[in-house]
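S.K.: One structure, pasted below without further comment.
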Amino acid sequence: MTTQHDVPAVPARVRTSGRSVPRPNEGVWPGLATPPLAPVKGRAAEILFRNAVRSLPVRVVFPGGERIGAGGPDSPVMRIERPRGFFARLGHDSKIGFGEAYMVGDWTTTDLPGLLTPFAAKLSTLIPKPLQAMARRYVEARQPREEVNTLEGSQENIHRHYDLSNDMFALFLDDTMSYSAGWFADGSDDLVLAQERKIDGILDMAGVVDGTHVCEIGTGWGGLATRAAQRGARVTTLTISQEQKTLAEQRLAAAGVADRVQVLLRDYREAQGQYDAVVSVEMIEAVGERYWPTYFGALDRLLKPGGRVGLQAITMPHDRMVVSKGDYTWIHKYVFPGGIIPSVESIENNLARGTSLHIAERRSLGFDYARTLGHWRRRFLDNWDEVSGLGFDETFRRMWEFYLGYCEAGFRVGYLDVFQLSLQRRPSF
């Protein structure tokens, strides 16, 4: 293992809709006070929640002992600790309030992914469709203009998440420092092996062999670049995170491949040259729909004739992407500002409209991602004392636990998927 624990943590202030969320030891989190009680909205939220839970295989317990839900004795339990605050948050904005209520302790559970899985399975029908449209128009927040992924906006959005602390990420990721879906071999639950298999899988899809010159869009902490260099490739890898660049370069040096890898602090829109292969792992989710044509155009522009692209992308069903693409959710506010998850159809459409590329091969890793997230969540909680020692508070712990559990549930039920895609130039006839 490289020396990531020797790199000092560099906590970052994170902006949420123009306001700073404390990181770490910076005091009270702004925006988490219980919203002013709006009786009509709060009552409407309670009615909708009770109606939704009635058929779910969960048990919801209120103070005083009232129980609702269709779950049996072995079903996950959700305890509503403060009903007034819980329903006030749901009524204020359900897509943000549910997660915020967990962050502040308005509700608790001993099996977060188990509880969230039934909700995720019915996510598109928990609220009747006519009310969904009304909520989007009159109640729920929309994507803030300041989170649009311009060159400057992308740097701020990435800074908010990836520059939290290298040490914190090292405490729950595996030794490869891969922050994307692993690919587990049959009969194996080894996360390191799954991540190495995933990296080799995407490099194979891009045709990376000895002598290949690779452009990587999205360095992470250097795991893929290291493996590509060990295969004999030369790598030019791009990141807009200074913290990731610093640690990636240290890890590359420790692995003995620094002479084969150039790490550039550069946006994909500013990339230059042409390469035998282009790879990009779970970076498209941060691009934003407005910039998808630019992103796919860059993949096409950077690829030499005869080359291949290895793209790994989290996806969602196309119909859900279309109706929800302007939503501002808890994940946007607290984890991935400016992000949007594409559908496979939207990727195909953008490739067809603006590039010479098409999808020549695909591989789904959705259930593997659920397993990966389970590993991360358990490691994060098991190592909480060390994370806390970096200065992160209990609100952050509940936020990160909800994030990992929420995503795990989405992949468990197929609401989310992740694909490895080999992009090649369309044949000429």
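S.K.: What is the angle, in °, between the Cα long axis of helix 39-53 and the longest principal axis of the Cα atoms in the chain? Nearest 10 is fine, range 0 to 90.
M.R.: Roughly 70 degrees, rounded to the nearest 10.
S.K.: Relative to a virtual label point 7 Å from the Cα of T110 in the Cα→beta-carbon direction, which members of the stretch 47-70 show backbone nitrogen distances below 20 Å?
M.R.: Those under the cut-off are 57-70.
S.K.: Oh, and also: Mean separation of Cα pairs under 8 Å and 6+ residues apart, divided by the residue count of the chain: what relative contact order is that in percent? Write out the running numbers ahead of the final one.
M.R.: On the way: 825 pairs, mean separation 80.4, N = 429.
Reported relative contact order: 19 percent.
S.K.: Can you work out the Karplus-derived ³J(HN,Hα) for every residue in the stretch 199-214? Use 6.51 cos²θ - 1.76 cosθ + 1.60 with θ = phi - 60°, whole Hz, and x for glycine or proline.
M.R.: Ordered by residue, 3J(HN,Hα) equals 4, 4, x, 6, 5, 4, 5, 8, x, 7, 9, 4, x, 5, 9, 10 Hz.
S.K.: Let me ask something else about it. Once phi is turned into ³J(HN,Hα) by the Karplus curve 6.51 cos²θ - 1.76 cosθ + 1.60 with θ = phi - 60°, what whole-Hz value does each residue of the stretch 249-261 show in order, with x for glycine and proline?
M.R.: Karplus-based 3J(HN,Hα) across the stretch 249-261 equals 5, 5, 5, 4, 5, 5, 7, x, 10, 4, 6, 9, 10 Hz.
S.K.: Order these by the 10 Å Cβ neighbour count, fewest first: V344, V309, V418.
M.R.: Taking fewest neighbouring Cβ atoms as first place, the list is V344, V418, V309.
S.K.: Right, here's the next one. How far apart, in nm, are two points set 7 Å out from the Cα along the Cα-to-Cβ line at E345 and at L381?
M.R.: Between E345 and L381, the label points sit 3.7 nm apart.
S.K.: Specify the angular offset, from 0 to 90 degrees and rounded to the nearest 10, of the alpha carbon long axis of helix 94-104 from the longest principal axis of the alpha carbons in the chain.
M.R.: For helix 94-104, the angle is close to 80 degrees.
S.K.: Another question, if that's okay. Let's test the formula: R0 of 56 Å, r as the Cβ-Cβ distance of A253 and R426. What FRET efficiency results, to the nearest 0.05?
M.R.: Details: r = 40 Å, r/R0 = 0.72.
Computed FRET efficiency for A253 and R426: 0.90.
S.K.: For the stretch 298-313, just list the computed ³J(HN,Hα) in residue order, Karplus coefficients 6.51, -1.76 and 1.60, θ = phi - 60°, integers in Hz, with x standing in for Gly and Pro.
M.R.: 5, 4, 5, 5, 7, 8, 5, x, x, x, 9, 10, x, 10, 10, 9
S.K.: Compute the label zone of R50 within the stretch 91-110: residues whose backbone N is under 16 Å from the point 7 Å along Cα-to-Cβ.
M.R.: Hits in the stretch 91-110 for R50 at 16 Å: 91.
S.K.: I've got another one for you. Along Cα→Cβ, 7 Å out, is where each label goes; now give me the distance between the ones at L265 and V148 in nm to one decimal.
M.R.: So the two model labels end up 2.6 nm from each other.
S.K.: In a GNM of the chain with a 10 Å cut-off on Cα contacts, which of R377, R398, R84 has the highest mean-square fluctuation?
M.R.: R84
S.K.: I've got another one for you. What is the sum of charges around I47, taking Lys and Arg as +1, Asp and Glu as -1, for the other residues whose C-beta is under 14 Å from the C-beta of I47?
M.R.: Details: positive: K41, R43, R50, R54; negative: E46.
Summing Lys/Arg as +1 and Asp/Glu as -1 gives +3.
S.K.: Checking the a/c ratio against 1.5 first, then a/b against b/c, what shape does the Cα gyration tensor give for the stretch 146-425?
M.R.: Working: a/c = 1.40, a/b = 1.17, b/c = 1.20.
Rounded, since a/c falls under 1.5.
S.K.: With a 10 Å Cβ neighbour count serving as the proxy for reagent exposure, in which order, fewest first, do R50, R353, R231 appear?
M.R.: Final ranking by Cβ density, sparse to dense: R353, R50, R231.
S.K.: Relative to the longest principal axis of the C-alpha atoms of the chain, give the angle of the C-alpha long axis of helix 394-412, reported between 0 and 90° and rounded to the nearest 10°.
M.R.: 70
S.K.: List the lysines whose alpha-carbon lies under 30 Å from that of K333, not counting same-chain residues fewer than 8 positions away?
M.R.: Counting by Cα, and skipping residues close in sequence, K333 has these lysines nearby: K41, K95, K122, K129, K198, K245, K325.
A short reminder: the numbers here are calculations on the coordinates, not readings from a lab. Here the structure is a predicted model, which is why all the values come from computation and not from measurement. Ideal geometry is used to build each Cβ from the backbone, glycine not excepted, and the neighbour counts take in all protein chains shown.
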